[in-house]
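Trainee: Before anything else, here's the structure in question.
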Amino acid sequence: MESSVAAGPSASLEDQTLLVFARLMEGGREDHETSRDLDHLTSLLNEDADALEKNKDHKSICSVIDGDCLDTVLCYLDMRQDEVVRSHAILTTSAYLKAAGQEGSNMLKSFFFDRVQRGTYDDYIVAFCVASQIFPIVPDLTSELFLSEGFLPSLGPLMGRKWKSRKVETACLEMLNAACMNQQCREAVQKYCVEWLEEVVDQEPSQVVSNMNNDPSLQSEGGSISVRRHSEQVRNLAAVILAKLKAVPAKPSTGDSSSGRVETAVSTMEDLSGLFTKIILDDESHSRQHSIEGLAYASLQPQIKESVSSNDKLVKRLVQTLSEAKPKSSTTYGTLSIFCNLTRYQPTLTEEQKKMHQLKAYANAGGKIPGPDPREADEHVARRCKAVFDAGVTPVLVTHSKHGSPASLALIISIIHSLSVTKAIRGQLAQQGAVKLLLTSWITLPDSENTPRRMAAQALARILISTNPALVFGGNRSNAINAAIRPLVSILPPDPAAEVRDLLPSFESLMALTNLASLEDGETRRTIISAAWPQIEEQLLSSNALVCKAAVELVCNLMQAPEGIALYADESAQAKNRLHVLLALADAEDEGTRSAAGGALASLTNFESVVRCILQRERGVKVILGMCVDKNEDLRHRGVYTVYNMLSAEGKAGEDAKERIEQEGGVDVMKECLKLSRRPEVLQVTVQGLKVLLGQT
């Protein structure tokens, strides 16, 4: 069959399939030609699978794909192939397994076991490469192959051969590395492979030479030392697997005699972390990608977090590596995972959850009660966050957020969320582009990504609490601020999906909105009222004193807008109820709450309708007079200003206010305020109010 023959439009699907395979079986072709044919085959298989779903009687093209054809495609997954070709081949393999169903699974099993049973280095490489590549696609099927009787125990002798094949060893460890994503496979690796994995990691080149000199059989054989010892890449891969096993330990079954080997392992997590660090810092190392993956797992442990964050050179190298890494690459995801581990704060737990954690730790520790690791305390995390920030990570995160995968974006948001806890760097975060990153992320992430969206909104709130919005948003301020209001409003209610009711996001959102509402910008206040008023009213009634205080401070600022005043001044039943709540808050125990409520009342009492509503409340006037003798002079100022506004109201409202204030002992209260106050502006308003009460105006 000539390779140049192309399937015409009238050729059957089976003929087209066979023609593609004929071209793929040819040797000496360019990678782009191979990739093109693999894509064509993938398209045919996907169309075939769709046809089978619609019509069970459809004759599948898989009927013409025999073992040799499948062998051809799977061999393109070989690590010795170009990476581009492998990426196309994995898509073709996935399409074939979907279209062929059980028959395809059976053929894949036959391919794998046939290659392993042949036992040549070349066959091992292909079999192991196929297993590692298809693990994420068909984990159940690959786990079945991986856990087949006798397979894992056979890997130790293979890796322990005197003559090393670096590609066989690399392919084998790549397969084990991929298998560790599955719990059963991870437990099997821990049972059968830990001992020789330790030997690979702990091998010293000098010891290899010494063993060779003492072994007559080796002295009589040819070959260089390099093929009699494990390569750096192999050692590093083995270390990554050990790190995964130690970071996510398996649960050995009762009476499992092999578990002791794991507990007495030579390589501790600190040793492995040291190896990864050395390789990452080595400018000429070709194993950095695997080292980053290993360090990502190792940095789940508190002691490793501390050692990594305290190594300034390593943190800066990780930032540099991230800046040079391609978007959506494993290096990018691994480096982001390290930064995420270093900066993550421990979640807030209820007392019941704390007790459950203690009981679990007690059981796992054999009757001892270990306390929480002090290296996970907030002050330690804050130091790690500062180290990561000082290394210049923020601009790199901003760049990666523009082209990264959803998974990478979630990690980026988590890192910024942790960095934003530190008040001292919030302004710099804003200067380095964090605000735009968070706004864009919140807008682009789908609603289903609830956790990263809420984290982005909360980080945004923290930055806007501590910075001047006018400086943060620059020239096109109005549109940018309006865009920021939506995410802030989204976290006003507590997260309904959270196990623990966390009011911190609500509090921080209210504080940020208050800061925005302080701008001399009526449009911003109108937007906040339009987008958030029901939620703000709900937070005014919060049982949490800090949340309540933050809500009434926001209301105080919103009373500078006509739309805010209208909510209290139209004499409707709702307006009267709102005013009742405000009066109650002006009499609260918390000084800040009283002050904010007093500020709102000072603005509202410029309107006769509000004065009438206050007079209708049994304790309305008494609450306001109480503000006038508060120990806080700012609050006294707001109290006497409110009294003066009421006395100055036109018509019957002003007359009724004067009569009622006199009845409640207003003259004595105002005189007492004069004695307590020192600031001219307070004294001036108090004197003006007294004159009205005493009829001297």
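Trainee: Regarding residue 396, is this residue buried (at least 22 other Cβ atoms within 10 Å of the Cβ), out of contact with any strand residue (DSSP E or B) (no Cβ under 6 Å at 6 or more places or on another chain) and not aromatic (Phe, Trp, Tyr)? Let's see the steps before the verdict.
Mentor: Details: buried (at least 22 other Cβ atoms within 10 Å of the Cβ): yes; out of contact with any strand residue (DSSP E or B) (no Cβ under 6 Å at 6 or more places or on another chain): yes; not aromatic (Phe, Trp, Tyr): yes.
So residue 396 passes the test.
Trainee: How about the stretch 64-104: which of its residues are hydrophobic (A, V, I, L, M, F, W, C) and part of a loop (DSSP other than H, G, I, E, B)? Lay out the reasoning, then the answer.
Mentor: Residues of the stretch 64-104 that are hydrophobic (A, V, I, L, M, F, W, C), as a first pass: 64-65, 69-70, 73-75, 77, 79, 84-85, 89-91, 95, 97, 99-100.
If the condition is that a residue be hydrophobic (A, V, I, L, M, F, W, C) and part of a loop (DSSP other than H, G, I, E, B), then 65, 77, 79 are the ones that fit.
Trainee: Just for the stretch 654-675: of the residues that are of a type in the set (A, V, I, L, M) and surrounded by fewer than 22 Cβ atoms within 10 Å (Cβ to Cβ), which one is farthest from the chain's Cα centre (by Cα)? Explain how you work it out, then say what you get.
Mentor: So the first thing to find is which residues in the stretch 654-675 are of a type in the set (A, V, I, L, M), and the list is 657, 661, 667, 669-670, 674.
Of the ones still in play, those that are also surrounded by fewer than 22 Cβ atoms within 10 Å (Cβ to Cβ) are 667, 674.
Values: 667: 60, 674: 56 Å.
Applying the filter and picking the extreme gives 667.
Trainee: Another one. Among what's in the stretch 423-467 and is charged (D, E, K, R) and farther than 23 Å from residue 381 by Cα, pick the residue that is surrounded by the fewest Cβ atoms within 10 Å (Cβ to Cβ). Quick ask: steps written out before the conclusion?
Mentor: Filtering the stretch 423-467 for residues charged (D, E, K, R) gives 423, 426, 436, 447, 449, 453-454, 462.
Subset that is farther than 23 Å from residue 381 by Cα: 436, 447, 449.
Values: 436: 15, 447: 7, 449: 18.
Applying the filter and picking the extreme gives 447.
Trainee: Quick one: which residue in 46, 55 is without any contact (Cβ under 8 Å) to a residue 24 or more places away in the chain and under 24 Å from residue 106 (Cα atoms)? Lay out the reasoning, then the answer.
Mentor: Values: 46 fails: without any contact (Cβ under 8 Å) to a residue 24 or more places away in the chain.
Checking each option against the conditions leaves just 55.
Trainee: Here are the criteria: (1) over 18 Å from residue 231 (Cα atoms); (2) modelled with pLDDT under 90; (3) of a type outside the set (Lys, Arg); (4) in a helix (DSSP H, G or I). Tell me which single one residue 181 does not satisfy.
Mentor: Here residue 181 meets the rest and fails (4).
Trainee: Taking residue 137 as meeting all but one of (1) over 30 Å from residue 53 (Cβ atoms); (2) free of Cβ contacts under 8 Å to residues at least 60 places away in the same chain; (3) outside any helix (DSSP H, G or I); (4) in contact with a helix residue (DSSP H, G or I) (Cβ under 7 Å, 6 or more places away or on another chain), write down the number of the exception.
Mentor: (1)
Trainee: Moving on to the next point. Pick out the one residue from 330, 299, 309, 323 that is in contact (Cβ under 8 Å) with a residue 40 or more places away in the chain, surrounded by fewer than 21 Cβ atoms within 10 Å (Cβ to Cβ), polar (S, T, N, Q) and under 20 Å from residue 416 (Cα atoms).
Mentor: Values: 330 fails: under 20 Å from residue 416 (Cα atoms); 299 fails: surrounded by fewer than 21 Cβ atoms within 10 Å (Cβ to Cβ); 309 fails: surrounded by fewer than 21 Cβ atoms within 10 Å (Cβ to Cβ).
Answer to the check: 323.
Trainee: Quick test of your reading of the structure: residue 482 fulfils all but one of (1) under 22 Å from the mean Cα position of the chain (by Cα); (2) part of a helix (DSSP H, G or I); (3) among the polar types (S, T, N, Q). Name the failing condition by number.
Mentor: Tallying (1) under 22 Å from the mean Cα position of the chain (by Cα); (2) part of a helix (DSSP H, G or I); (3) among the polar types (S, T, N, Q), residue 482 fails exactly one: (1).
Yes or no, residue by residue, for (1) aromatic (Phe, Trp, Tyr); (2) in a loop (DSSP other than H, G, I, E, B); (3) touching a residue at least 40 places away in the same chain (Cβ under 8 Å):
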residue	(1), (2), (3)
534	no, no, no
548	no, no, yes
554	no, no, yes
560	no, yes, yes
574	no, no, no
592	no, no, yes
597	no, no, yes
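The values are calculated or read from the model by the stated rules, or taken from the named source; none is laboratory data. As the structure is a prediction and not an experimental result, all values here were calculated from the model. All Cβ positions, even for glycine, are placed from backbone atoms using ideal geometry, and neighbour counts span all protein chains on display.
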